[in-house]
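Reviewing the structure listed below.
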Amino acid sequence: PLSVSPAADPAVISPQDPTLLIGSSLVATCTVSPGFPLKAEDLYWTLNGRRLPAASYSALGPSTLSVALARLNGSRQQSGDNLVCHSRDGGILAGSCLYVGLPPEKPVNITCWSKNMKDLTCKWAPGTEGETFLHTNYTLKYKRRWYGQDNTCQEYHTAGTYSCHIPKDLALFTPYEIWVEASNRLGVAVSDVVMLDILDVVTTDPPSDVHVSRVGDLEDQLSVRWSSPPALKDFLFQAKYQIQYRVEDSSEWKVGGHRRCRGMAGGARGSGCSHLVPLQVVDDVGNQTSCRLAGLRPGTVYFVQVRCNPFSIYGSKKAGIWSDWSNPTAASTPRSERVAGGCDPKGGEQNTTLRRELKQFFGWVKKHAYGCSNLGIKLYDQWRVWLQKSHKTRNQV
């Protein structure tokens, strides 16, 4: 009978839980504790459950067996690879974790935004390569530029894997220094410091109460109106808006070409056939809260969305951060009563049509307007309605 202490380990592996760079080599030893009836020839090794070849073993003594591992790859799991020493019958005598990886790289691309000036969320990228094969801890730190102590963000993964949320206690009109520290078993890396003012990174809720409606009988136009987000009523901010719209039979919102949006007091486009890509983005709406979309396809349902970009009245030079898009709102343009086949006129025919309609317009203006001072969008729209009605009359004859 053996006289072995119940607390004694059957064997000991050395080194225990080492941390190594990718590409390193390692020689580990398994030594059976005194009193256990096991010899070196009774032992074998596994790595992550896979038996290692006997050609990599060496007996260093009656009860010590080594294994040589060359050109190690990164750990398959961040908790380490399992190197285990077994007895002949498969019993586990001892184990060690191998941590094989890379030191962290300097975090990059730190970007932050504040929702209605009430909080701050930042995200970053974990260096150019990113993967270290080791558990790497990221810590976002911040402080006021000229005074105050370092603060550590507590709410991680709120906007993705590499992000953190600061819910309160932020000062306005004060520059902040923000940086990220990355650390693992092989080292520490610190990002460049980002300087920002909360007022420069404000975003807000999407515009509300978006309404889309027809512009009388004009077959190629729609009117869009919306309300500013409540947070923008604060005197510190104004806003600029952007509109995107798509035809009903488009299954996706895809960025396409650009068309100008005419303000409600601006001019209008002539009617005619308009070949649209599935999505149009109107990016010159400015800070108005209404817009007229022109050059649309007659008799077509359009879905419209609006988003907002707040900017400080103190003249910030930052590009600003767009809100999410509002929920889609639908409306249809009136159906065209023109003769089929009127699309895609030849160049000469198009010029002839334009001259004829210009002649019609100026002749109509001569009868209905009193001097050039009365020319405007309402008068032009009235002529367009008259023109469409005259087309209907001719087509019904």
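Some points to look at:
- Taking amide H atoms as placed 1.01 Å from N in the peptide plane, the amide H of Asp119 has no partner under 5 Å among residues 5 or more positions away or on other chains.
- Here the Karplus relation 6.51 cos²θ - 1.76 cosθ + 1.60, evaluated at θ = phi - 60°, turns the backbone of region 182-188 into coupling constants of 10, 9, 8, 5, 9, x, 10 Hz, with x for every Gly and Pro.
- Mean Cβ count within 10 Å, highest first, over the residues of peptides 175-182, 212-219: 175-182, 212-219
- Candidate residues Thr152, Thr329: accessible-area rank, largest first, probe 1.4 Å: Thr152, Thr329
- Between Arg297 and Glu41, the contour length at 0.36 nm per residue exceeds the alpha carbon distance by 83.7 nm.
- When Arg144, Arg335, Arg225, Arg51 are compared by accessible surface with a 1.4 Å probe, the order from highest to lowest is Arg335, Arg51, Arg225, Arg144.
- Neighbours of Ile110, meaning other residues whose beta-carbon lies under 10 angstrom from its beta-carbon, give a summed charge of 0 when Lys and Arg score +1 and Asp and Glu score -1.
- Ranking Thr289, Thr132 by solvent-accessible area of protein heavy atoms (1.4 Å probe, all protein chains present), from largest to smallest, gives Thr289, Thr132.
- Normalised contact order of region 11-101, rounded percent, pairs of Cα under 8 Å and 6 or more residues apart: 38
- The label point for Ser208 and the one for Lys168, both projected 7 Å from the Cα toward the Cβ, are 2.3 nm apart.
- In this structure region 11-101 gives 51 Å² per residue of accessible area when probed at 1.4 Å with all protein chains present.
- The simple spin-label model puts a point 7 Å past each Cα toward its Cβ; for Ser24 and Leu60 those points are separated by 1.6 nm.
- In the context of the full set of protein chains, region 108-202 has a per residue accessible area of 53 Å² (1.4 Å probe).
- The figure for Lys118 is an accessible area of roughly 150 square angstrom, using a 1.4 Å probe on the protein chains alone.
- Per-residue HN-Hα couplings for region 95-102 [Karplus 6.51, -1.76, 1.60; θ = phi - 60°; Hz; x = Gly/Pro]: x, 9, 9, 9, 9, 10, x, 10
- On region 11-101, 53 percent of the accessible area sits on carbon and sulfur atoms, based on a 1.4 Å probe.
- Treating r as the C-beta distance of Thr158 and Gln77 and R0 as 30 Å, the FRET efficiency rounds to 0.70.
- Accessible surface of region 108-202, 1.4 Å probe, proportion on carbon and sulfur as whole %: 47
- Per-residue Karplus couplings for region 115-123, computed as 6.51 cos²θ - 1.76 cosθ + 1.60 with θ equal to phi - 60°, are listed in order as 7, 6, 6, 9, 7, 8, 10, 10, 9 Hz, Gly and Pro entered as x.
- You can think of it this way: the chain between Val108 and Trp146 has 11.3 nm of extra reach, that is 0.36 nm per residue less the Cα-Cα gap.
- Over 19 Å (Cα to Cα) - which of Lys143/Lys233; Lys168/Lys233; Lys115/Lys240; Lys141/Lys168; Lys106/Lys168 fall in this group: Lys143/Lys233; Lys168/Lys233; Lys106/Lys168
The values are calculated or read from the model by the stated rules, or taken from the named source; none is laboratory data. Keep in mind that this is a model prediction, so the values were computed, not measured. Note: ideal-geometry Cβ built from the backbone for every residue, glycine included; neighbour counts use all protein chains shown. Surface areas here come from the heavy atoms of the whole protein model, side chains and all, with no ligands, DNA or RNA. Shrake-Rupley method; radii C 1.70, N 1.55, O 1.52, S 1.80 Å.
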